[in-house]
Amino acid sequence: MRLRTEEHHLISKQRAIDVVALEAYLTASAAAARLQAEALEANDLAEASSRRVEVLQRERSRRFLRGAQAISDALRATFRSLCKHGDAALEYADVPSILFAEGVSIAVKPPHGEWTRFEILSGGQQALVAVALTMALQEGTYLERHAEREAGERTALSEGYAIEGGGEADASPPPFVLFDEIDAALDTQKVRALAEHVRARAAGQTVFVSHRKELIEASGRLVGTFMVDGGTRAVSVPFGA
């Protein structure tokens, strides 16, 4: 009798179970398990992306520092060639955390003077620094000295990532550089130094718009423009050595 009573009690409890609620619970549990798995996968992807960003940031800083140093070296050599006893260099932070926040400035040492900022130089001195920097950029020698890879080569980084492209080796100097009366504020000695430097070291074609005989005498070709019958004509003739 007692067993029968317990059996009826268990059957009553089973009938009291809400089947719909149980099915909803099982469905929700399965969905929660899927979401948890997706969350773990997303977290792994986020960590992998963060590691890759760190690698790329370090590579960007490394390339920038190497390129900036190379350009600064070329600027120094060019400025010394144009301005005897003078000096010039790029200034920038070499700490990766503030490298791109501080920017780049130009420090200049005029002949027999002290190091100073580009902004407070005279017009002629600024023009000379601008020419020197342009020459340093367009000569392109720093690209060859500091290139790590040939064009299209892939370099694997120590963390297991690779960066596409040839980096600095892909860059080339421009085919020509145009200066529009950049020599107007320069004295005769510096104009001659500029002409000699261009003839000796310019990597591409350099075009000067100028009225200074020092540049004209050092040029390889003269191009003259003049008005004829309300229009403009140009004449180009070989010149110089």
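Some values worked out for this structure:
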{"quantity": "All positions within segment 112-137 that are touching a strand residue (DSSP E or B) at 6+ places or on another chain (Cβ under 9 Å) and farther than 22 Å from Arg201 by Cα", "calculated": "Trp115, Thr116, Arg117, Phe118, Glu119, Leu121"}
{"quantity": "Condition broken by Leu45, with the remaining ones in (1) out of contact with any Lys or Arg (no Cβ under 9 Å at 6 or more places or on another chain); (2) among the hydrophobic types (A, V, I, L, M, F, W, C); (3) without any contact (Cβ under 8 Å) to a residue 24 or more places away in the chain; (4) closer than 30 Å to Ala193 by Cβ satisfied", "calculated": "(4)"}
{"quantity": "Selected residue (only one of Ala195, Ala169, Ala184 is at pLDDT 85 or above and either within 21 Å of Ala68 (Cα to Cα) or outside any helix (DSSP H, G or I) (or both))", "calculated": "Ala184"}
{"quantity": "Of the criteria (1) touching a strand residue (DSSP E or B) at 6+ places or on another chain (Cβ under 9 Å); (2) at pLDDT 90 or above; (3) exposed (fewer than 12 other Cβ atoms within 10 Å of the Cβ), which one Ala88 fails", "calculated": "(3)"}
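The values are calculated or read from the model by the stated rules, or taken from the named source; none is laboratory data. Source: prediction; values computed, not measured. In this analysis, Cβ positions are derived from the backbone assuming ideal geometry, glycine residues included, and neighbour counts consider all displayed protein chains.
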